[in-house]
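Have a look at the structure below before the remarks.
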Amino acid sequence: MTAVQPQQPAPDASLPAAPSVPASQVNAAAVSAAAFAALLDNLGYLDSESIEQVRQAYLFADKAHTGQWRSSGDPYITHPIAVTSLCASWKLDAPALMAALMHDAMEDCGVTKEDLAERFGMPVAELVDGLTKLDKLQFNTREENQAESFRKMLLAMARDVRVILIKLADRTHNMRTLSDMPRSKWGRIASETLEIYAPIAHRLGLNQTYRELQDLSFRHLHPWRYATLAKAIAKSRTRRRDLVQRVQTEVDAQFARQGIKARLAGRESTLYSLYQRMERNHQSFAKVTDIYGFRVIVPTVTDCYTALGVLHQMYKPVPGKFKDHIAIPKSNGYQSLHTTLVGPSGVSIEFQMRTEEMHIVAEAGVAAHWLYQAQQRPGDAEKMSTQWLQSLLDIQNETRDATEFWDHVKVDLFPDAVYVFTPKSEIMAMPRGATVVDFAYAIHSKIGNHTTAARINNEDVPLRTELKSGDVIEIITAENATPNPAWLGFVKTARARSKIRHYLKTSAQSESADLGEKLLTQALRSEGIESLPPLDEANKALWDRLLQDTGNRSRGELLTDIGMGRRIASLVASRIMVLLGDHGQRPNALLLTQERYTAHNNISQGTVTLDGSVNASIRYAPCCRPVPGDPILGYLGRGEGLMVHHAHCAVVKRLQDRDPDRFISVEWGEGLTHLFDSGIVVTVKNGKGVLARVASELSDAEVDIQRLEMVDEAPIGTTDLRFVVSVKDQQQVEAALRNLRRAPAVIKAARIMPSAD
């Protein structure tokens, strides 16, 4: 659980020397007792019964950690006490404080969840369990272990936000004491904090914790840069102390004259934010101007805007540096007015105007629920700060793989956001770079799944269009529309990505199972059995034995494997015949004769009729691009579903020699309405306007051009143009080729087919 692991006393010289004499133990007990006494002084917001429960948790944890020491040489129990003190500063309730005191008990002391539940109740046990890593399970890689641990923690956090508050307090104290750890561990722990825990703190509005974790990570990742920048800040602070005091005096006096009750608090940019700004803008420290700022805390929202007007009359505002986060809060619930002004001596100073309540929410985020629980918080801010937590559960429901889940979550840990509107003027915060499809899924998964087009500000736009702040977005849906796999190439949010993947995976299994059932039924007919045995009580033993033989968990999984080509239908049918024979069922002689008489000599499974649709189980080979009217064959690739080829395709001839059992008879259905891709190559004489004339001939044949490639290997004076076009059938391809051959500049026109090696 902790970045700083406890040290067990042992004769091994590699471990830190731990006090072993009774006097040292007495001293350790005194240190622990003093630390807990200081904690009790901060628990005045709890009633006496709750404080006693916290005391019992301390006694339990202190006993559990007896003999364990921090790398600094302090008793290990001082770490849980420090974590609990941070939680107490957020005014968390007694169960959370108890969990904070015992957060390492399960991981490091052999205490079980059942022990904690029996002693302190299930709510406390659940909190501690959510904070416990999964080190005792076996994983293939460190990354897989870490991903599974984070998934466990984040899902526990989604159910109870106190889990992440305790975890962030734990990480903050570990970072404060990281200097006591071996320097070899600094990089890994600081990088993990900067990449994961600091963004989570920001996402939940815990800005004070966010800034501290960033600075502590920066300090241990780049010690020299940190020290150099800290020294430069200290010098600058000395030089500009008089200037800052002058600004504060002037602003205080002006607010008093205007009758505004305001509390000014100076603020300074963090070292890490300055370092980022210098890196991003390729600036030296001397060129960074807006280092200093003030927070103006006022009684009401109206006072925020009044204070803004007073400041703009006093000092000149910097263009483009005003932001109204009160009217449009950030996605984590943050609200303030921001403006940057040019103060005395040309120094840029940022002012942030907010109410007392906004200030608490800005610093503590979701923890403000406990800090500010005596009064009613704004519903919108609370909703926005917890919305992300609920989305974690939605993603988990569709993503069982831990690494994939963590990849989804990391996408959402970006502080930048754009603010867009629905047609009904409802505001929505989206990550920077989010597209129309992300917006559709943010509204509802059904909207996303049936999206066909979109309008931004009343103009039609492609679905991959990135959103900008202020956009008004209208999503157009159709009942029969489904997600396109190509969307995965440009969507930004974890929610959209997981919803699309879940839909495609579910539909692929369903389509493959349907194809597998059709193939297995046809294979059984060729064995003289009319239909697939139903999954009922009479056939339960047969299906159980068949699944045991194939290693599948269910009938549906077996049919999916057949549809995806992982199993051969004829072999499964033969096994079913043996099992049916054991139950006394014999093949139908008449059906057996009919099927064998009509079966294709080289085809081992029945005929599949194509309706023209492309899905996960049936695709059309890109090497020969068959279209209705072409003679065709189906190849059932291993795990790839059914691939439909032109019967004269050279690839088919090679596959038939190598894998004849995997070919399936396929035929075109009646009344096909889908369009099919076909490849054609046109050899033309080089000249002005030739490409336009070729495109015109294709257009006259009502053929849509999907893609064009120009081949360099053609003879001198000519060019090969390779087109992928959309057509209804073979007749339309032939009509297009006839049109092309009549054009004066065209030397040759033909369909593209793979040649035999």
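Every number here is computed from the coordinates shown, using simple stated rules; none is lab data. A quick note: this is a predicted structure, and the numbers were derived from the prediction, not measured. Using ideal geometry, Cβ is built from the backbone for each residue, glycine included, and neighbour counts are taken over all protein chains shown.
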FRET efficiency for R545 and K505, using Cβ-Cβ distance with R0 set to 22 Å, rounded to 0.05
0.15
Rough spin-label spacing in nm, given labels placed 7 Å along Cα→Cβ, for D582 and S469
7.0 nm
Computed on Cα atoms, Rg of the range 671-724 relative to 2.2 N^0.38 Å comes out at 1.28
Full extension from R55 to R742: what is 0.36 nm times the residue separation minus their Cα-Cα distance, to one decimal in nm?
237.9 nm
Could you work out the pair-distance distribution P(r) of the range 194-277 from its alpha-carbon pairs, with 10 angstrom bin width and percents rounded to whole numbers?
15, 33, 28, 20, 4
Amide H to amide H under 5 Å from Q706: which residues, 5+ apart in sequence or cross-chain, H placed 1.01 Å off N in plane?
V724, V725, S726
Taking Cα atoms only, Rg over Rh for the range 45-91 with Rh from the Kirkwood formula is 1.03
Using label points projected 7 Å from each Cα along Cα→Cβ, tell me how many nm separate K316 and E426, to one decimal.
4.5 nm
State the Cα centre-to-centre distance between the range 481-501 and the range 733-751 in whole Å.
40 Å
Between D252 and M753, what is 0.36 nm times their sequence separation minus the Cα-Cα distance? Round to one decimal in nm.
172.2 nm
Between D324 and D514, what FRET efficiency follows from the Cβ-Cβ distance if R0 is 41 Å, with the result rounded to 0.05?
0.15
By how many nm would the segment from V347 to A117 grow when fully extended, if each residue of separation counts as 0.36 nm and the alpha-carbon distance is taken off?
77.0 nm
In nm, the gap between the two label points placed 7 Å beyond Cα toward Cβ at A234 and R263 is 3.0 nm
Nearest-20 debye value, the range 636-757 charge dipole, Cβ charges on Lys, Arg, Asp, Glu
460 debye
Ranked packing of 190-197, 95-102, most packed first, by mean Cβ within 10 Å:
95-102, 190-197
Add +1 for every Lys or Arg and -1 for every Asp or Glu among the other residues with Cβ under 9 Å from the Cβ of V725, and state the total.
-1
